[in-house]
Every structure is written in C-alpha cells, then in structure tokens.
1. Explain nothing, just compute: Karplus ³J(HN,Hα) = 6.51 cos²θ - 1.76 cosθ + 1.60, θ = phi - 60°, for every residue of the range 49-59 in order, whole Hz, x for Gly and Pro.
2. Can you list residues whose amide H is under 5 Å from Leu65's amide H, if they're 5+ apart or on another chain and H is modeled 1.01 Å from N?
3. On each of the three principal axes of the Cα atoms of the range 32-105, give max minus min coordinate, whole Å, ordered largest first.
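Derivation of every value follows stated rules applied to the coordinates shown; laboratory data play no part. Values in this document were obtained by computation on a predicted structure and should not be read as measured data.
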Amino acid sequence: MADSSNSFTAATAWVASLGMQAPRPAGAAAAHGPALDVLRNAQVALYCDHEHEAILALREARRLLADGDLPGLEARRAVDEAAWHIRHHATRAAQSALQHARDRLA
C-alpha cells in the first residue's frame, strides 16, 4: 500500500498533466471581492457607453489590486489592458480584458 504523500504526489502530477489549475484557497475570492465588484461596475459602465466612468472604476480596481498576490497581479495587467482599449475606443477588446481580469480573481 502506498503512503499518502506518494498518492498526493501522483494525483498532483496527474492534475498538472491535464493542464488544470489547482483550486485556489477559499479565501482568495473573498479577498478580491471589492475588486470584483468594481470590475463588474466597469463592465456595466462600458456596456452603457460611459467610458469615463469605466476608466474611474478601473483606477479604483488598480488601487484595490495593489496587494501584489499573483491573481491580483495578473488581473491588474488585464485592467491596464482594458484601460488602454477604452482610451482607443475598442470596447469589445476592453470587455474581453475586463472579463479576463474577473476570471483571474474568481
């Protein structure tokens, strides 16, 4: 009979081979809850063609994501990309970047 550490190692290798991400800790989504809300507000503002309000929401999201953890860093990069697209009136690309940011934090 294999001990539990070998089973865990085998299971971890199997999951990695499938290209799946390990589940995030339960507190990860809760820690980014305010940022998720602000990003959702930015998406709604952008959908309603309120670019200025969307940019203001993105500034707030960047402030909330300043803690530096990896999902926050990746989301912040997507927020910066969304802001660039908004300034260049590429709404679809901005919406996609915002969704990517939200997915990184969820």
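1. So the J values, rounded to whole Hz, are 6, 9, 4, 4, 5, 5, 4, 4, 5, 5, 4.
2. Result for Leu65 returns nothing.
3. Projected onto the principal axes, the Cα atoms of the range 32-105 cover 31, 17, 16 Å.
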